[in-house]
Amino acid sequence: MRQPILALSLVLIAAAAHSAENNMRPGLWEMTATSNLLALVRQIPPDQMQKLSNLARRYGFEMPQIQDGAATSRVCISQQMADRKIPPNLYHSQSGCSARNATRNGSSYTMDLVCAGADLTGSGKAQGTFTSAESFSGRTEFSGAVRGTPVSDQAVTSGRWIGADCGSVRPAN
């Protein structure tokens with residue numbers, strides 16, 4: 001159950017960051033996903049969380065902060081990423097996931113999420129709305145399997161621009 005929670009939390013956070021790219025200000029963003037599955041993280045002993053964090057680093061990313069059913073991470077969006085008309089990859093390539101059929105209509109966005117990796121398979125949908133170039137909110141749904149364990153969850157996602165300087169956080173893509 002521990003690894004499915006990690007994998008799904010990373011997919012939900014990445015979907016939030018994916019979704020927000022088209023109209024973002026470059027700089028440091030805080031991305032959050034809140035779900036019932038993430039609420040189970042508090043049941044994982046600290047030594048197991050450290051092992052999961054080490055596993056995440058091995059795949060090339062930092063474990064998001066997970067507290068009270070919410071996974072929060074900081075993401076650096078470069079000017080080049082903000083100028084693109086397609087979303088950045090962020091964690092998706094490491095998990096075997098990709099965003100497809102991304103569309104934008106005014107301030108609203110939708111996209112399909114397809115995962116076909118060795119450890120994570122399934123599909124989902126992300127949708128939401130930009131309230132400004134500095135914030136968005138939305139919803140992500142995902143159903144699939146992590147290492148053969150079925151997972152199905154919905155998450156409320158949000159992002160807020162923190163500032164132009166990313167500090168020590170490197171651009172995701």
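The values are calculated or read from the model by the stated rules, or taken from the named source; none is laboratory data. Because the structure is predicted, anything quoted here is derived from the model rather than measured. Glycine gets a Cβ as well: all are built from the backbone with ideal geometry, and neighbour counts include every protein chain shown. With ligands, DNA and RNA removed, areas are computed over all heavy atoms of the protein, side chains included. Shrake-Rupley method; radii C 1.70, N 1.55, O 1.52, S 1.80 Å.
Scanning the stretch 122-156 for residues that are part of a loop (DSSP other than H, G, I, E, B) and on the phi > 0 side of the Ramachandran plot turns up ARG147, GLY148. Given the criteria hydrophobic (A, V, I, L, M, F, W, C) and at pLDDT 75 or above, does ALA56 qualify? No; evaluated as a whole, the condition is false for this residue.
Taking (1) at pLDDT below 90; (2) out of contact with any helix residue (DSSP H, G or I) (no Cβ under 9 Å at 6 or more places or on another chain); (3) assigned to a strand (DSSP E or B) in turn, ALA118 satisfies each apart from (3). Picking from residues in the stretch 1-51 that are charged (D, E, K, R) and under 22 Å from PHE136 (Cβ atoms), the one that is modelled with the lowest pLDDT is GLU21. Entry remark, the stretch 157-170: residues being farther than 17 Å from PRO64 by Cβ and in a strand (DSSP E or B) number 2 in total. Here ALA164 clears all of (1) open to solvent by 60 Å² or more (accessible area, probe 1.4 Å); (2) touching a Ser or Thr at 6+ places or on another chain (Cβ under 9 Å); (3) farther than 20 Å from THR110 by Cα except the condition numbered (2).
Which residue is surrounded by the most Cβ atoms within 10 Å (Cβ to Cβ), if the candidates are limited to the stretch 59-75 and must be at pLDDT 80 or above and more than 13 Å from the chain's Cα centre (by Cα)? So, considering only residues that are at pLDDT 80 or above and more than 13 Å from the chain's Cα centre (by Cα), the one surrounded by the most Cβ atoms within 10 Å (Cβ to Cβ) is GLY69. Would you call ALA102 at negative phi, outside any strand (DSSP E or B) and surrounded by fewer than 22 Cβ atoms within 10 Å (Cβ to Cβ)? It is false that ALA102 is at negative phi, outside any strand (DSSP E or B) and surrounded by fewer than 22 Cβ atoms within 10 Å (Cβ to Cβ).
Here the stretch 144-160 is the region considered, the condition is being open to solvent by 50 Å² or more (accessible area, probe 1.4 Å) and within 16 Å of the chain's Cα centre (by Cα), and the residue that is farthest from LEU113 (Cα to Cα) is ARG160.
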